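Written below as structure tokens is the structure these notes are about.
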Amino acid sequence: MIQPEDIKQMIERGLPGAHVTAGGDGRHFEAVVVFEGFVGKNMVQQHQMVYRALGDKMQAEIHALSLRTLTPEEYRAQAANT
Amino acid sequence: MNVQDKIKQQIASDKIVLYMKGTPQFPQCGFSAKSVELLKASGAEFSTVDVLADPDIRQGIKEYSNWPTIPQLYINGEFVGGCDILTELFQKGELQRMVAKTK
């Protein structure tokens, strides 16, 4: 069964330099991805980049994934707010 | 008509179209249910397509948008996103603005 750690590693492999935190119970997962490469991309494109990194797993083993994508700048702004 | 043509026709059939699992009255998945709620809270009038009713559409819509999950929202023929993006757009008030513009 796929684990949050696997998801973290797959995303980080597909998006080199990305910082990923992932959680979940083996069927439903959530991940926050902070990546410089998201700059200038809209949310759909950002999520598509993450989905691409997960490839076939996204079609089969990962039943559901809640995704949040942030640029490093957005992440810092958010951290400052909370 | 092939599946992709059928999908194009569905997306063009209304200003706001939500591909979901189940129906607004009986959603079959939490993410679909939440998307319906967000649209209602935004004051949207919308059509839905139940992907569970047609396996070809269920697979075809993923290929159409290059997006691996359901639900999927389309406004004026444009793919807007899935449940996470709808949630974020709603929190920013952006979804409400997009809905208002369709009226």
**Complete:** Restricting attention to the stretch A:19-44, the residues that are more than 10 Å from chain B (Cβ to nearest Cβ), surrounded by 13 or more Cβ atoms within 10 Å (Cβ to Cβ) and free of Cβ contacts under 8 Å to residues at least 12 places away in the same chain number exactly 1
**Message:** Out of everything in the stretch B:1-22 that is open to solvent by 50 Å² or more (accessible area, probe 1.4 Å) and part of a loop (DSSP other than H, G, I, E, B), what residue ends up being modelled with the lowest pLDDT?
**Reply:** B:Met1
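Matching residues to (1) within 23 Å of B:Glu94 (Cα to Cα); (2) within 14 Å of chain B (Cβ to nearest Cβ); (3) out of contact with any helix residue (DSSP H, G or I) (no Cβ under 6 Å at 6 or more places or on another chain); (4) of a type outside the set (A, V, I, L, M):
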| residue | (1), (2), (3), (4) |
| --- | --- |
| A:Met58 | no, yes, no, no |
| A:Leu65 | yes, yes, yes, no |
| A:Thr69 | yes, yes, no, yes |
| A:Ala80 | yes, no, yes, no |
**Message:** Can you pull out every residue in the stretch B:73-103 that is under 13 Å from B:Leu38 (Cβ atoms), of a type in the set (S, T, N, Q) and open to solvent by 60 Å² or more (accessible area, probe 1.4 Å)?
**Reply:** B:Gln91
**Request:** Only residues that are within 15 Å of B:Phe31 (Cα to Cα) and either within 10 Å of another protein chain (Cβ to nearest Cβ) or not polar (S, T, N, Q) (or both): list them for the stretch B:47-61, please.
**Result:** B:Val49, B:Asp50, B:Val51, B:Leu52
**Fill in**
Only one of A:Pro4, A:Pro16 is more than 14 Å from chain B (Cβ to nearest Cβ) and buried (at least 17 other Cβ atoms within 10 Å of the Cβ), namely A:Pro4
**Prompt:** Is the stretch B:23-44 home to any residue that is in contact with a strand residue (DSSP E or B) (Cβ under 9 Å, 6 or more places away or on another chain), open to solvent by 50 Å² or more (accessible area, probe 1.4 Å), in contact (Cβ under 8 Å) with a residue 24 or more places away in the chain and part of a helix (DSSP H, G or I)?
**Reply:** yes
**Message:** Name the single residue that is least open to solvent (accessible area, probe 1.4 Å) among those in the stretch B:62-72 being more than 10 Å from every other protein chain (Cβ to nearest Cβ) and farther than 15 Å from B:Ser32 by Cα.
**Reply:** B:Tyr64
**Item:** Any pair with Cβ under 7 angstrom, 6 or more apart, that starts in the stretch B:73-92 at a residue that is facing another protein chain (nearest Cβ under 8 Å) and ends at one that is part of a strand (DSSP E or B) and among the small types (Gly, Ala, Ser)
**Value:** B:Asp84/A:Ser66
**Request:** Test A:Ala77 against the criterion of being open to solvent by 30 Å² or more (accessible area, probe 1.4 Å) and part of a helix (DSSP H, G or I), and give yes or no.
**Result:** yes
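Which one of A:Gln48, A:Gln9 is open to solvent by 20 Å² or more (accessible area, probe 1.4 Å), part of a helix (DSSP H, G or I) and either among the hydrophobic types (A, V, I, L, M, F, W, C) or under 11 Å from A:Thr69 (Cα atoms) (or both)? Break it down into steps so the answer makes sense when it comes.
On the way: A:Gln9 fails: either among the hydrophobic types (A, V, I, L, M, F, W, C) or under 11 Å from A:Thr69 (Cα atoms) (or both).
Sole residue among the options that is open to solvent by 20 Å² or more (accessible area, probe 1.4 Å), part of a helix (DSSP H, G or I) and either among the hydrophobic types (A, V, I, L, M, F, W, C) or under 11 Å from A:Thr69 (Cα atoms) (or both): A:Gln48.
The values are calculated or read from the model by the stated rules, or taken from the named source; none is laboratory data. Just so we're clear, the structure is a prediction, and the values are computed from it rather than from any experiment. A quick note on method: Cβ atoms are made from the backbone with ideal geometry, for glycine too, and the neighbour counts reach across all protein chains shown. Remember, those area values only see protein heavy atoms, side chains included, never the ligands or the DNA or RNA. Shrake-Rupley method; radii C 1.70, N 1.55, O 1.52, S 1.80 Å.
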